[in-house]
């Protein structure tokens, strides 16, 4: 990265992999303002997750759809606790593995496996489109879900291909505890104390707007975003911004929809902007 973010204050909305994002930004000299958006907890009732893992071992799935890297890590945590981790990894290795974007692939590599296919679009629709090109008739398909989304359309699409779908939800979100963090971040933007906000998932956009509405500060959010450059990791996030009447100012080059290219794009854009002091200076 030829240009750096020295002195620029970058707001990131922490979810699953933002610790890595924060580290990469700090390495480029950024002053990172971290805003935890929710806490991730294990499923409150572990029994269904344990039962799913045991079914996966006893009645192996032909295919496994991983919607998130966090989901696989939580499944492995349970597998270790019930002392079947190695058998579970062996069973995973025998199934065709479909990843919703790059993050599940990284989680697979942590246990020595690789995805057989990764969606071009990291969405449920992208998964459905990819699976529509596969022969699933008579297959058992394990489907790792994630919280706060209605997955019935995806389950229906897979079932319509003649597959038996076995879903599992290995973790939940605790969002309420983080509302105060988000309201504070909104105020920091509105006061002009942030040089850019970096968004890496469509859920971050939805959560920002939902919390602002719930706390009566949506106008303040829009005021802050009007004066703060908005960096989007890719088209899925940008589409979500557009759906809320918001814009994208900075995005990586086409096809390079990852953290490092996003950081490089921010450094280039912010250093090209009219000379000014970094926020808060």
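The values are calculated or read from the model by the stated rules, or taken from the named source; none is laboratory data. Here the structure is a predicted model, which means the values were calculated and not measured. Using ideal geometry, Cβ is built from the backbone for each residue, glycine included, and neighbour counts are taken over all protein chains shown.
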Residue within segment 14-30 that is surrounded by 15 or more Cβ atoms within 10 Å (Cβ to Cβ), touching a strand residue (DSSP E or B) at 6+ places or on another chain (Cβ under 6 Å) and part of a strand (DSSP E or B) present:
yes
Close pairs from segment 64-90: first farther than 28 Å from residue 159 by Cα and assigned by TED's automatic domain parsing to the domain that holds residue 121, partner surrounded by 14 or more Cβ atoms within 10 Å (Cβ to Cβ) and at pLDDT 95 or above, Cβ under 6 Å, at least 6 apart:
82/50; 85/79
Residues of segment 74-94 being buried (at least 20 other Cβ atoms within 10 Å of the Cβ) and either on the phi > 0 side of the Ramachandran plot or touching a strand residue (DSSP E or B) at 6+ places or on another chain (Cβ under 6 Å) (or both), in sequence order, are 74
Identify the single condition in (1) part of a strand (DSSP E or B); (2) without any contact (Cβ under 8 Å) to a residue 60 or more places away in the chain that residue 57 does not satisfy, given that it satisfies every other one.
(1)
Find the residue count for segment 31-50, including only residues that are outside any loop (DSSP other than H, G, I, E, B) and modelled with pLDDT of 90 or more.
10
Might you let me know whether segment 231-250 holds any residue that is under 20 Å from residue 26 (Cβ atoms), in contact with a strand residue (DSSP E or B) (Cβ under 6 Å, 6 or more places away or on another chain) and surrounded by fewer than 18 Cβ atoms within 10 Å (Cβ to Cβ)?
no
Go through (1) outside the structural domain of residue 255 (by TED's automatic domain parsing); (2) within 30 Å of residue 183 (Cα to Cα) one by one and return the number of the condition residue 31 breaks.
(1)
Filter result (farther than 13 Å from residue 82 by Cα and either without any contact (Cβ under 8 Å) to a residue 40 or more places away in the chain or buried (at least 16 other Cβ atoms within 10 Å of the Cβ) (or both)) within segment 41-54
43, 45
